[in-house]
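Visitor: One structure, pasted below without further comment.
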There are 4 protein chains.
Amino acid sequence: MIILIQCADRVGLVAAISKVMADAAFNIISMREYVNVEANRFYLRVEVADNGFDTLHIEAALQKVLPPGSTVYINTAVKKNVAVLVTKEYHCLGDILLRNYFNTLGASVACVIGNHETLRSLTEKFDIPFHYVDHQDRSKESFEAALSGILSHYRFDYIILAKFMRILSPQFVATYPHRVINIHHSFLPAFIGASPYRQAYERGVKLIGATAHFVTDVLDEGPIITQQIIPVNHAHSVKDMITLGKEIEESVLAKALQLVLQDRVIVDGNKTVVFEN
Amino acid sequence: MIILIQCADRVGLVAAISKVMADAAFNIISMREYVNVEANRFYLRVEVADNGFDTLHIEAALQKVLPPGSTVYINTAVKKNVAVLVTKEYHCLGDILLRNYFNTLGASVACVIGNHETLRSLTEKFDIPFHYVDHQDRSKESFEAALSGILSHYRFDYIILAKFMRILSPQFVATYPHRVINIHHSFLPAFIGASPYRQAYERGVKLIGATAHFVTDVLDEGPIITQQIIPVNHAHSVKDMITLGKEIEESVLAKALQLVLQDRVIVDGNKTVVFEN
Amino acid sequence: MIILIQCADRVGLVAAISKVMADAAFNIISMREYVNVEANRFYLRVEVADNGFDTLHIEAALQKVLPPGSTVYINTAVKKNVAVLVTKEYHCLGDILLRNYFNTLGASVACVIGNHETLRSLTEKFDIPFHYVDHQDRSKESFEAALSGILSHYRFDYIILAKFMRILSPQFVATYPHRVINIHHSFLPAFIGASPYRQAYERGVKLIGATAHFVTDVLDEGPIITQQIIPVNHAHSVKDMITLGKEIEESVLAKALQLVLQDRVIVDGNKTVVFEN
Amino acid sequence: MIILIQCADRVGLVAAISKVMADAAFNIISMREYVNVEANRFYLRVEVADNGFDTLHIEAALQKVLPPGSTVYINTAVKKNVAVLVTKEYHCLGDILLRNYFNTLGASVACVIGNHETLRSLTEKFDIPFHYVDHQDRSKESFEAALSGILSHYRFDYIILAKFMRILSPQFVATYPHRVINIHHSFLPAFIGASPYRQAYERGVKLIGATAHFVTDVLDEGPIITQQIIPVNHAHSVKDMITLGKEIEESVLAKALQLVLQDRVIVDGNKTVVFEN
């Protein structure tokens, strides 16, 4: 059982929280805590051995010792579900489908939705439903309504944009707060927007990157979960950079999903607190 | 104030410890905890705002709630001291002297001892006493007695082997348990012993490394604090590898000193628990 | 067209070689050259725009200006073929099958052979023939004869050991010199042999690695193609290290295959010359 | 002897160039060549054993076989000289002074100029002249005239801005084209301008970087030589990032100086071709 707490900081919080756990006879397997002194914010992640205790009771007991306005999240679910949105590039989806098939994703893939048919055959090989939603010759509202319609038939905790090349409206994103995860093909905030590898090539950078982040209503501006880079040199064309970039896009997204699905990420405003192993 | 605890694990430890802190009105700035489930060992690092509380009292209060045989370390000292042993290579010593001069080392350099005169002029530029101890034509006992004699005139918490190319006897090392820090010029346990870069070259590896570790009585076998690697290729000669290696040796030793001097490292047997920021 | 040359070094080699190319009206797209001064060996990789010139003629013209005993390799083939040997772990095979399916592997997968049935269903999803060869209750000779029998029905340039957990005999390996590529789950030469992650855990290292290498007759001792590492800490159990390790095993093998399949690797004795982009 | 060539590409260039070398009985130690196909530009770096041949003669012979407008640079100088500009931060200057003192910089430090007195004592420890130029209460013209006045007394190949916190005018920079090297404390082009670590903290990035580049007339926009990154997390304050950043600033600048001083960098427009070892 994982418990995540986010609240204003004050003296004695850890003692009060751990007393609640001790009273419930919880065995603490690991505990990570961070205080942002500047902002007076307290963040905690505790993993305890599940002992059949009632989670509602625990949440109430915790809220009683925490400051007003605290956020307590308790996860006992064995497995989460995800919906995946794609366009044409296979590498991120392929990695997700493989992990899903061999039960190492930490979640179940509920469905894949593409604005092209390209990845249908790959998806269906793994017996995952694929839905095609055309974005051409229609308004964003109509396109997103179609997406929402399909999504409404599935249970999922997160929407993964696995190289989904359409920009979602703030209205759509707001429906799933902190639940839409994107992989952006640059080291944000460098090269925001379209063609980041072309931008990187023109600038002559010596490293390119990829960024996994939660999607908010501002383009490429949501809370960053994790980032990686890969060295490049003068001899790499834009095409070479795109090819190289795919390797870290896949790796960064896999890392981000692992962190999120293991309840290691707490979002606060436009930033994340990430308790890595 | 930093408190490090190491003991057998049992349910309720965190609650008991944090109650002691709360009773002392300590404000917990950060807390890191790790349980080695396989070994049933509990490790804790707590940083609290110093409030003038008596540390002996706190230690007693903690020992009362901890299992028998627990280790409690409390550090309130503003600054630690180090003695540095060198041979001929300047890069690690130079880095330490610079940081010491500008007060960013996190410790004060008490003295430098060399088994060559090579680094005297550098050391004395920074007004640090340099002692030369010849190792030639004398027994290891005699050499180490001379070292001990000089060291006995200084107060220090750690001995840093900053590319000191003599092997110290188990007897000498045992005098300073977990207090002698070495930088080894390979990615241990690969290439133990002499000429690791020559060994790496002959093997044709594509990465070379450096390892900072506590010295124990077995050569290159003490608890590892931190390690880094750097890529190499076919075009790097042994001499090139030595040159490249110096860059990470300096960097790894600097990182290890920072971790140790900030009380982020707990040694248990032949391994370390390192609570990084 | 790629030309690889390996020979004794002497003055004027580059001029002589490039004159042969100029006489053939080849347009040099890229040229990489390395001289091992210590060993007096010369290595060259040239990529030229294919202009329909007869490769046998070029090879003869090159041999005329090169020292006796030179090796000249000319590749005009559009695509190479590979056979893949596996046991139970899916991550390396999955990555290879995905790249093969989307034509980004730089080779075609001819067949997959497993000493367990575990990966049949994955392989057959992608319409690649899977052959099961049982290794139990039979001699290594018999097992390898069965492997060879299956392999004899396919055309392939390389055998990829994608987490194939049987040790092949020197006799078997000698049949395919410099054509068997293995991914070893450690940063060689550290932790040779079985259970490298257990060894790494016991030693308390702070980095773990993976190594792709050509297989020779000595266990884990063949020419290294590429290596990578990933940081670990005290909190990682052996199981965690195995999980983390899979990520870089897949990445290292993918990188090695790319280098080999693009004719960027020249093997000389127990070492490789790798001309990266 | 190092020869760098930059020119329009055409068939037969390598043959023509290597014939010139062969005619001069040069022994080619290493040769690196790159063709930017998109831009039809050819770049070459050759290292030959010096045989006393007249360099003017070689340059003329090369120009005869190269396209009009080619740039040929021949370096036979044993050692280059550098002038260093600083403000208050010691880490980059300290590293340069140490390497200079032990003859591993690949250049001689001619002088250090500071717009504060802070680093005088460090510089003078190493018997390098230090000049203080006040920037307060005077125009940029007057400040830069003072800089130029001091610089005019020294012979130097490059000006190194080793954490020099004043922006130089385009007029000043134009006096030393491709000869002013800056270390910028961010992963350009992210966080251009002032307080990049504050910007990085506010954005919640998970990696911070440093960039060494040639200075041109546009702020932080010159050709990039090399870049590095270092991971950060939510627990790093702006002050922590500044501290961490210094480590890579020093490392990136050292790497850039090594590349430039070994004549491994060719500048073309706003980009560099870097032939690493």
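The values are calculated or read from the model by the stated rules, or taken from the named source; none is laboratory data. Everything quoted here is computed from the prediction, not taken from an experiment. Here Cβ is always computed from backbone atoms with ideal geometry, including for glycine, and neighbour counts include all displayed protein chains. When the accessible area is computed, the model is the full protein with side chains, heavy atoms only, and any ligands, DNA or RNA have been set aside. Shrake-Rupley method; radii C 1.70, N 1.55, O 1.52, S 1.80 Å.
Visitor: Could you check what % of the DSSP bridge pairs in chain A are antiparallel, to the nearest 5?
Guide: Antiparallel bridges: around 65 percent, rounded to the nearest 5.
Visitor: 7 Å along Cα→Cβ for the label point: how many nanometres lie between B:R166 and each equivalent label in the other copies, listed shortest first?
Guide: Result, one decimal in nm: 5.0, 5.6, 7.4.
Visitor: How big is the C-alpha Rg of segment B:54-182 next to the rule-of-thumb value 2.2 N^0.38 Å, as a ratio?
Guide: 1.25
Visitor: Rank these residues by their accessible area, most exposed first, probe 1.4 Å: C:E47, D:E124, C:E144.
Guide: From most accessible down to least: D:E124, C:E47, C:E144.
Visitor: Related question: Can you give me the long-range amide H partners of D:Q228? Hydrogens built in the peptide plane at 1.01 Å from N, cutoff under 5 Å, separation of 5 or more residues or another chain.
Guide: Sorted by chain and number, the residues that satisfy this are D:A210.
Visitor: Which whole-number percent gives the relative contact order of chain B, counting Cα pairs below 8 Å spaced six or more residues apart?
Guide: 15 percent
Visitor: Related question: How compact and how long is segment D:162-277, expressed as Rg and Dmax of its alpha-carbon atoms in Å?
Guide: 14.3, 44
Visitor: Follow-up question, since we're still on this one. Based on alpha-carbon atoms only, what is the radius of gyration of segment C:129-225 relative to the globular estimate 2.2 N^0.38 Å?
Guide: 1.19
Visitor: Starting from the Cα gyration tensor of segment B:80-274, take the square roots of the eigenvalues, sort them a ≥ b ≥ c, and report rounded, prolate or oblate (rounded when a/c is under 1.5, otherwise prolate if a/b is larger than b/c, else oblate).
Guide: rounded
Visitor: Work out the mean other chain Cβ neighbour count within 10 Å for the residues of D:34-42 and drop it here as an integer.
Guide: 3
Visitor: Which pairs, out of D:K88/D:K271; B:K80/B:K163; A:K206/D:K163, put more than 23 Å between their alpha-carbon atoms?
Guide: D:K88/D:K271
Visitor: I'd like the accessible area for A:R179: 1.4 Å probe, protein heavy atoms, all chains in place, Å² to the nearest 10.
Guide: 80 Å²
Visitor: Determine, for each peptide in B:253-264, B:102-113, B:126-137, the mean count of other beta carbons within 10 angstrom over its residues, then list the peptides with the highest first.
Guide: Highest to lowest by the protection proxy: B:253-264, B:102-113, B:126-137.
Visitor: Taking the label point as lying 7 angstrom from Cα along the Cα-to-Cβ axis, what are the distances from A:P129 to the corresponding position in the remaining copies, in ascending order and in nanometres?
Guide: The answer, with the shortest distance listed first, is 3.9, 8.0, 8.1 nm.
Visitor: Sticking with this one: Explain nothing, just the number: dipole magnitude of segment C:2-75 about its Cα centre with +1 on each Lys and Arg Cβ and -1 on each Asp and Glu Cβ, in debye rounded to the nearest 20.
Guide: It comes to approximately 180 debye.
Visitor: I've got another one for you. Is there a simple number for the mean count of other chain Cβ atoms within 10 Å of the Cβ of residues in D:120-132, and what is it?
Guide: Going residue by residue through D:120-132 and averaging, the value is 1.
Visitor: Could I ask something else about it? Among B:P170, B:F191, B:A83, which residue has its Cα furthest toward the positive end of the charge dipole of segment B:80-274, with +1 on Lys/Arg Cβ and -1 on Asp/Glu Cβ?
Guide: B:F191
Visitor: Taking the label point 7 Å from Cα in the Cβ direction, how far apart in nm is D:P68 from each other copy of itself, listed shortest first?
Guide: Nearest to farthest, the other copies are at 5.1, 8.3, 9.6 nm.
Visitor: Looking at segment B:168-209, I'd like the Rg to Rh ratio, where Rg is from alpha-carbon atoms and Rh is Kirkwood's inverse mean 1/r.
Guide: 1.13
Visitor: Please give the direction-averaged projected area of the C-alpha convex hull for segment D:3-126, in square nanometres with one decimal.
Guide: 10.5 nm²
Visitor: What is segment A:2-75 by shape, rounded, prolate or oblate, if you read a ≥ b ≥ c off the alpha carbon gyration tensor as root eigenvalues and call it rounded for a/c under 1.5, prolate for a/b larger than b/c, and oblate otherwise?
Guide: Judged from the Cα gyration tensor, segment A:2-75 comes out prolate (a/c at least 1.5, a/b above b/c).
Visitor: Another question about this same structure. I need the shape label for the protein assembly as shown. Rule: rounded when a/c is under 1.5, else prolate if a/b > b/c, else oblate, with a, b, c from the alpha carbon gyration tensor.
Guide: It comes out rounded by the Cα gyration axes.
Visitor: While we're looking at this one, here's another question. Considering Cα pairs under 8 angstrom that are at least six residues apart, work out the relative contact order of segment A:27-158 and quote it in whole percent.
Guide: Reported as a whole number, the value is 18 percent.
Visitor: Placing +1 at every Lys and Arg Cβ and -1 at every Asp and Glu Cβ, with all other atoms neutral, what dipole size does the protein assembly as shown have around its Cα centre, in debye to the nearest 20?
Guide: The dipole magnitude comes to about 0 debye.
Visitor: Consider the operator that turns chain A into chain C: which A residue has a Cβ nearest its axis, and what is that gap in Å?
Guide: Axis-proximal residue of A, distance in whole Å: A:K125, 2.
Visitor: Where the only charges are on Cβ atoms (+1 Lys, Arg; -1 Asp, Glu), what is the dipole of segment D:151-277 about its Cα centre, to the nearest 20 debye?
Guide: The dipole magnitude comes to about 220 debye.
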